[in-house]
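I have placed the structure first, in the form of structure tokens, so that the comments after it can refer back to it.
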Amino acid sequence: MSLVKVPRPTLGERLKRFFMADMFKGMWLTLKYNVGALTDKDSVKGFGIYTEQYPSVRPQVAPRFHGAPRLNMDPETHESLCIACNLCALACPEDCIDVIAMDIEMSVGGKPRKKKVLDEFIFDTSRCMFCALCQEACPTACLELTQEFELATYSRAGFVWNREMLEQGRESRKFEA
Amino acid sequence: MVLSGWESVFFWVFALSALVAGLLTVMARNAVHSALFLISTLVSVAALFVLLGAEFIAGVQILVYVGGVMVLFLFVIMLVNVSAEERGSEELFNRTGQVTAAVCFVALLVFGLFYAVNQSAGSFASNRSEGAGAARLRTAETGVSKISEDTQRVGASLYRYGALPFEIASLLLLVAIVGSVLLARTSKQELVADDVDPRVIPELSAAGELTPAEIEAAARAKAFEV
Amino acid sequence: MTSTFALFAPPSFLDDLLLRFFGQETVNYVVWPFIQIGAVITLVAVWALYASYLERKISAFMQARLGPMRVGKWGLLQPIADAVKLLTKEDLVPEKADPYIFRYAPYISVAATFITFSVVPFAPNWGVITDVNIGLLLVLAISSVGVLALILAGWSSNSKYALLGGLRSSAQMVSYEVSMGLSLIGGLMFARTLSLSGITTAQASDSVWFILYQPLAFVIFLISGIAENNRAPFDLPEAESELVAGFHTEYSGMRWSLFFMAEYAAMVVVAGVATTVFLGGWYFPGVYRLAGGSNNLYVFLSLVVFIVKMAVLLYLYFWLRWTFPRYRYDQLMDLGWKWMIPASLLNIVWTAVTIFVLQALDGRLDTVESLNRGVNLTGQGKGVAVFMGFAGLFIAALFLAYLNRHSRDFNLKKQRREIKLVDVPKGAPAVARAAADNA
Amino acid sequence: MHQVEVATTQETLLDNPEMVLNMGPQHPSTHGVLRVVLRLDGETVIDLDCDIGFLHRGMEKIAENRLYPMIAPYWDRLDYIAAVSNGLVWVETVEQMLGLEVPPRAHYIRVILTELNRISSHLLWLATHALDIGAFTVLLHALREREEILKIFEQQFGARLTCHAWRIGGMPNDAYEGFTEDVQQFVDNFPGRIDQYETLLSENRIWLGRTVGIGVISARDAIAIGLSGPALRGSGVAWDIRKSRPYAAYADLDFDVPVGENGDTYDRYLVRLEEMRQSRRIVGQALKQMPGGPVNAKVPKVIKPPAGDYYHSIEGPKGEIGCYLVSDGTSRPYRVRVRPPCLINLQALRQMCVGHLVADVVAIIGTLDIVLGEIDR
């Protein structure tokens, strides 16, 4: 008939239960936390305050963090590093990248030559899942997922980033304390 | 008793609200509304008790009737299907018999009231000058106030003169409670109960009242000791 | 009659001022009560707001958080922001709900709690609103009316969760009211009065707190009070993990906040009554001497004492809530009917035995001073009573443990078990097996 | 699946003591968008039915149209609480189909991080389970420790929850600088924190009353339903894939399998707590034994497993999470099938709940540790 086996308690256990040792132990712990929070000293045992005050204290994001995308530019010439190879778009599982290339004619050593350059780069951050496969696919270290993590906007259209936004960075309001 | 000043204001407010709420109790379509009006009647009557200086009775009235009985009433009303009665479109007082009975009853009541007032008028008048009047004008007790006299009197008479009826009543109530629990409890609930005799279970299953699955479910809910 | 609305010598200058405009009777019956009611409602409403702030802060500290910090310094204006938000929120009434009852249920809840404050003696003299002869009974009666609000709110919402919550709460409150009321009788037997100020004065004149005579009753009262207030670990009617929000699932905005306010105010009531009956109310040894004869200073200091005592109890409320898991419904009923009510009945008997013993010992030990107005004891008598009180605690615990030895949930049999650790023999590594299969 | 009959006529409670209660999909304690239809007698559950699929994305179908490396992020989103473990199943399946030799250092880092993920998953379970039963404080204490793990994840993978942790043939990056110290600090701190949870719960009489004897499932039934993970071990079956079919570096590591006895909620609670301790032990060992070297095998540019099918499974935090992969030799899988531990564990819900009260249903859903992302896929 029995479904749960429960062993017979020893006298010590009985006494502990009789004097509600289990309850008082728990209450003692929460009291220690309460006192610890007020003094905020014993952080090793974890009795201090743990939370961060986010908008006023900004968290340190890890260097490898995958956040808002960015198109890097050559630091000297300020030209886009993107060679419009479309590898990122191919690597993207969500198909959220559109690389629109255009051919420009230029002369290299006097000879006219066509070169494929980037015209427009569309990155739909609302569909992006920040897996960083595009970043790994990029041969020129142009596309990068940065540590920027505040991506909220007021409209769905605002999630679709064009080349300008990707290169300059989106204007975002920083909250003050 | 003569009403004066604010006392009379309070009296009329509560008396009228008791009457109106009482009327609404029988006139309301929704049973829950009707129960609520009954509660307001009871509260108004309790307030009248306070005006009479019987604070203990007032407190008990609210505690027992409003807090206990009416809560159970509401409990039951909420579980019973009241929608059928609500929907009825008959008008009130549309039956000759009902009206006749009501008029007869009111007449009886009025007659009884007048009779009682006539009977007690003399003694009431004589009392007022001494005991009752003094009690009414009793000022606030600031020091260690005693249990007010009516409280003591109620207790004393309950346990001294009314001990036998009191005990009989409590026995009756106890029997009623045990009986109703016994009647209401199904064999399934019996099985889950803590205090069930283990021998009952095979009997029940032999009588075909319980399936093995039910016994198992009950045992599951119960978590026996080894 | 006069006692109902009578006052404990209010500040006389205000009284004189009022008497210029109104008659004596009007002042006593109408004007003063209104002033006091207004004062109490304001104070209690502010308290209820800040109790929520305190609760949030204390719970945050217990959980290594900071709690509200954004509105005002240390989030001190948070309750006001919340109040404004709740007042401006839409007041939704579900379509199929009973509109009248749905609207009025919160008012019943708030009224039932606030009325109780009229009899709590916050301090001597003018610190009490009215000294009613039946103070304690009034507290119990009015708090029993509070059940109605919950049950009506639950029913009128026309929602299954709310209905279940309403039924649960009413069953819970009706059951725990019994033990709550019965546990007060012990103190009553010592004080011989139902008036709350009378009980306090009895303790003050005896210079003893009734918790020493009645530790068992104090424990019962506290537990029942927490259950009566639907606070964790007895917060089943609004157990958010099961019933979403219990009886106030469908409420929003102002009406919801009324329930909320009533809950916090009811906590104060229970804490106040516990302070009055068991912790000596405004009485603290030495306060009278400290005041040095100034009546108003004495009242003020006593008020501080009362509030400090109450605050300790309220901290206990928060503390318990943020430490313990929640009882299940049937366990709660078990606790109420199988533990609290027998214990409170036992307490009455034990108190009677104590008083009897005190009287019996009087000849030999000189225990009783007088029995005319409450039980006045000498030093030795107090010792005996305290000893009996604490002995009662253990006797009750043993008695109940015996009584419930077959009970399912609260017996002494359940204990922690160790978990078995099995060292399973290792199998063959699965890595790089597939290559061979596919080849 | 079993269907609860819903009464069509409106009856009151007294006419018919049974009441149908819809718990979910928007309910605080169904852990997502699970809808449970309860048939109640008073508050006793007579019958129940689960309605799932509110979170269905068709992940298995999506996988058929993606290249092999692209599928990994979708695995993270099955059981998003244990994204690192899930990712490992997929990566190892493909690696084993390809016959890749993953370097031992990668194996060790994988063990460390999946075990940390097991701890974080169990911590979240503990947090929500305790919250369901009303112990609010444990929630935030447990989430604090989880935060420590997530910080390590963020440093290592660049994401906290859906990490996209592994790549076929190894890892995207070697362990970051300071990895050993961070993990070691966690390993040192963690036992004290578990003791704190135990102080708050394990011996508490309310907790015992709420969990002992609730949701009992016997070992026989558990095997018949196909439970796995702590839900199975709570019933006393010592089945752990890390032991019986060691993957990654588990063959070199020493640990015990905690096993319950009664198969009730309390036993499963104890099993999970002990598993956290064992995971910590594994992490400590792996950290000491971690070899140097590369973390990536030589992987072909285009991944085309040979035609055929393969099944691989690992011991996820919730149970056996497996991947059945059919390849037709092209760069996209022909068919991907997930063995979802939560979905299969959820099948025990009815058997566990019937006869209990509504409050117990909440406790039992909590003890099964379900994640709807994986159930609905």
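The values are calculated or read from the model by the stated rules, or taken from the named source; none is laboratory data. Everything numeric here is computed off the predicted structure, so don't read it as measured data. Heads up, the Cβs are rebuilt from the backbone with ideal geometry, glycines too, and the neighbour counts pull from every protein chain shown. Heads up: the accessible areas ignore ligands, DNA and RNA and are worked out on the full protein's heavy atoms, side chains in. Shrake-Rupley method; radii C 1.70, N 1.55, O 1.52, S 1.80 Å.
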Exposure ranking of D:Val259, C:Val349 by accessible area [1.4 Å probe, largest first]: C:Val349, D:Val259
Two-site FRET efficiency, C:Arg20 against B:Val99, from Cβ-Cβ distance with R₀ of 41 Å, rounded to 0.05: 0.15
Within chain A, helix-based [θ] at 222 nm, where runs of 4 or more DSSP H residues each add -39,500 (n - 2.57), nearest 500: -6500 deg cm²/dmol
Radius 11 Å from Cβ of D:Ile303, net charge of other residues (Lys, Arg +1; Asp, Glu -1): +3
Tilt relative to chain C, helix C:99-116 - C-alpha long axis, 0 to 90 degrees, to 10: 50
Check: chain C dipole with +1 on Lys, Arg Cβ and -1 on Asp, Glu Cβ, in debye: 1260
Contact surface A-B: accessible area buried, both sides summed, square angstrom, 1.4 angstrom probe: 700
Volume per residue that the Cα convex hull of the stretch C:179-290 spans, once the total is divided by residue count, Å³: 125
Net charge, C:Ser144 excluded, C-beta distance under 11 Å - Lys, Arg +1, Asp, Glu -1: -2
Per-residue ³J(HN,Hα) for the stretch D:154-161, Karplus 6.51 cos²θ - 1.76 cosθ + 1.60, θ = phi - 60°, Hz, x for Gly and Pro: 5, 5, 7, 9, x, 8, 9, 9
Additional length obtainable on full extension of the chain from A:Phe149 to A:Lys115, 0.36 nm per residue less Cα span: 8.7 nm
Pairs from A:Lys116/D:Lys301; A:Lys32/D:Lys288; C:Lys57/C:Lys160; C:Lys160/D:Lys318 whose Cα-Cα separation, in the structure shown, is over 27 Å: A:Lys32/D:Lys288; C:Lys57/C:Lys160; C:Lys160/D:Lys318
Heavy-atom surface of chain C, accessible at 1.4 Å and reported per residue (Å²): 39
Phi-based couplings in Hz for the stretch D:135-152 (Karplus 6.51, -1.76, 1.60; Gly and Pro marked x): 8, 6, 5, 4, 3, 6, 5, 5, 5, 5, 5, 4, 4, 4, 5, 5, 5, 4
Principal-axis tilt of helix D:358-368 within chain D, Cα atoms, nearest 10 degrees: 10
Rounded to the nearest 20 debye, dipole of chain D from Cβ charges on Lys, Arg, Asp, Glu: 1320
For B:Glu167, solvent-accessible area (1.4 Å; no DNA, RNA or ligand), Å²: 100
Separation between Cα centres of the stretch A:24-98 and the stretch D:97-116, rounded to whole Å: 26
Accessible surface of the stretch C:89-327 [probe 1.4 Å, protein heavy atoms]: carbon and sulfur percent: 69
P(r) tail fraction, the stretch C:215-265 - alpha-carbon pairs more than 17 Å apart, %: 43
Relative contact order for chain D, counting Cα pairs under 8 Å that sit 6 or more residues apart, in percent: 26
Extreme residue, positive dipole direction of chain D, given options D:Ala83, D:His129, D:Tyr310 (C-beta unit charges): D:Tyr310
A:Tyr54 versus C:Lys73: modelled label distance in nm, points set 7 Å from Cα along the beta carbon direction: 2.7
Estimated distance in nm for a label pair at C:Ala81 and C:Leu403, the labels positioned 7 Å out from Cα along Cα-to-Cβ: 5.0
Quarter of the Cα convex hull surface for the stretch C:89-327, i.e. its orientation-mean projected area (nm²): 13.2
Normalised per residue, the volume of the convex hull around the Cα set of the stretch C:8-85 (Å³): 136
Solvent-accessible surface (1.4 angstrom probe) belonging to A:Ile97, in square angstrom, nearest 10: 0
Listed residue (A:His78, A:Trp161, A:Phe18) projecting farthest to the positive dipole end of chain A, Cβ model: A:Phe18
Helix-derived mean residue ellipticity, 222 nm - over chain D, DSSP H n ≥ 4, -39500 (n - 2.57), to 500: -14500 deg cm²/dmol
For chain C, convex hull volume per residue from C-alpha positions, Å³: 245
Within the stretch C:83-184, GluC sites (Glu not before Pro) in DSSP loop having at most 12 other beta-carbon neighbours inside 10 Å: C:Glu90, C:Glu95
Rounded to the nearest 10 Å², the accessible area of C:Leu297 at probe 1.4 Å: 80
Residue order for C:Trp155, D:Trp239, D:Trp166, C:Trp74 - accessible surface, 1.4 angstrom probe, largest first: C:Trp74, D:Trp239, C:Trp155, D:Trp166
Whole-number percent relative contact order across chain C, with pairs defined as alpha carbons under 8 Å at least 6 apart: 18
FRET efficiency, 1/(1 + (r/R0)^6) with R0 60 Å, evaluated for B:Leu171 and D:Gln26 via beta carbons: 0.70
With Cα atoms, 0 to 90° folded angle of helix A:21-39 axis to chain A main axis: 50
Cβ-based charge dipole, the stretch C:8-85, positive-most Cα from C:Ile58, C:Leu18, C:Ile41: C:Ile58
For the stretch C:8-85: relative contact order, % (alpha-carbon pairs under 8 angstrom, 6 or more apart): 17
